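The values are calculated or read from the model by the stated rules, or taken from the named source; none is laboratory data. Keep in mind that what you see is a predicted model, and the values were worked out from it rather than measured. Here Cβ is always computed from backbone atoms with ideal geometry, including for glycine, and neighbour counts include all displayed protein chains.
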Amino acid sequence: MLLSGGPKSKRHLQCLFCGIEFPDQTLYFLHKGCHSESNPWKCNICGEQMCNVYEFNSHLLSKSHQ
């Protein structure tokens, strides 16, 4: 977990895996589940992992898997 921003700016948490920044710790910890090996939203066709059911369904409906 990296904190970015100076003392006067609002600090953000940055994901060490993908670099996405989050304004609060709750969102950061929810996002960390995307990089977990136990992530249930993993495509059986290409192996890509998604963060949630919405991204997973969108991925499966993409042209690359039809």
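Looking only at region 8-66, how many residues end up being assigned to a helix (DSSP H, G or I), touching a strand residue (DSSP E or B) at 6+ places or on another chain (Cβ under 7 Å) and exposed (fewer than 14 other Cβ atoms within 10 Å of the Cβ)? Summing the residues that are assigned to a helix (DSSP H, G or I), touching a strand residue (DSSP E or B) at 6+ places or on another chain (Cβ under 7 Å) and exposed (fewer than 14 other Cβ atoms within 10 Å of the Cβ) in region 8-66 gives 1. A residue that is touching a His at 6+ places or on another chain (Cβ under 7 Å) and at pLDDT 75 or above cannot be found anywhere in region 26-41.
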